[in-house]
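Readers should treat all values here as calculations from the given coordinates under stated rules, not as data from a laboratory. It should be emphasised that the depicted structure is a prediction, and the values quoted were computed from it without experimental measurement. Cβ placement follows ideal geometry from the backbone for every residue including glycine, while neighbour counts extend to all protein chains displayed.
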C-alpha cells in the first residue's frame, strides 16, 4: 500500500494556516507532509509565502508526521551551507522525521536578486556542487555513540588551547548522555 502525503503550499497560505492544515492532515490519516519552499506566491491573490524553515520548526511542535521539502533550491537564493544547517536543525527538531528534497528551482522563486538566471544544464551542475557541500557539512556534524569520535572531535579544541569547551546533547536521553561523557569521554580527554 502506498503512503499518502499532504502537500503544504507555502506560497498560498500563512504559517498559522499551514500548521492548521498539517494538524488536519494528520487527523485525517495522511502518512507524511510535503512542503514547498517559495520566496514569492505564484500570483498576487495568494499573498503569502512564509519562510519554509520557520514553518518546519512550527510543524515539529504541532504534528508527528514526517516532513519533506518539495523542493528547496540550494543554488542562488540560499547558499547550500545554510540549507545544510537548516536541514540538520529540522532533522533534530523532527526527531529524524525530516527529508530534504532539492531541485534546481525556477526563476520566480530563485531569480530574486537580479542576477542572470542560468540555463537548466548550468543549474544541474550547480545542484551537483551544492549537494557535495551539503553532504560534506551534513556528514561532519554528528558524532554518534562512538567514544573515539567524540574524543577526537573535542581533542582538537583542547589541543588548540581552548580553556573551556562546551558540548550539547541532542535528543531525549539526557542521563545517558551524561553517563557516556562521565565514563568514556571526559576521562580520556583529561588523561
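At-a-glance table
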{"read-out": "Residues residue 106 and residue 16, FRET efficiency given R0 of 30 Å [Cβ-Cβ distance, rounded to 0.05]", "value": "0.70"}
{"read-out": "Residue 121/residue 31 FRET efficiency (R0 41 Å; Cβ-Cβ; nearest 0.05)", "value": "0.70"}
{"read-out": "Alpha carbon convex hull of the range 5-139, volume per residue in cubic angstrom", "value": "100 Å³"}
{"read-out": "Chain lengthening between residue 64 and residue 43 when straightened (0.36 nm per residue, less Cα-Cα)", "value": "4.4 nm"}
{"read-out": "Distance in nm between pseudo-label sites at residue 179 and residue 113 (7 Å out along the Cβ direction from Cα)", "value": "4.9 nm"}
{"read-out": "Residues in the range 29-50 reached by a label modelled at residue 79 [backbone nitrogen below 11 Å; 7 Å Cα→Cβ]", "value": "none"}
{"read-out": "Cα gyration tensor, the range 35-82 - rounded (a/c under 1.5), prolate or oblate", "value": "oblate"}
{"read-out": "The range 53-109 - Kirkwood radius from inverse mean 1/r over Cα pairs (Å)", "value": "11.7 Å"}
{"read-out": "Highest average packing first - 13-25, 55-67, Cβ atoms within 10 Å", "value": "55-67, 13-25"}
{"read-out": "Förster-model FRET efficiency, 30 Å R0, residue 23 and residue 92, C-beta, rounded to 0.05", "value": "0.90"}
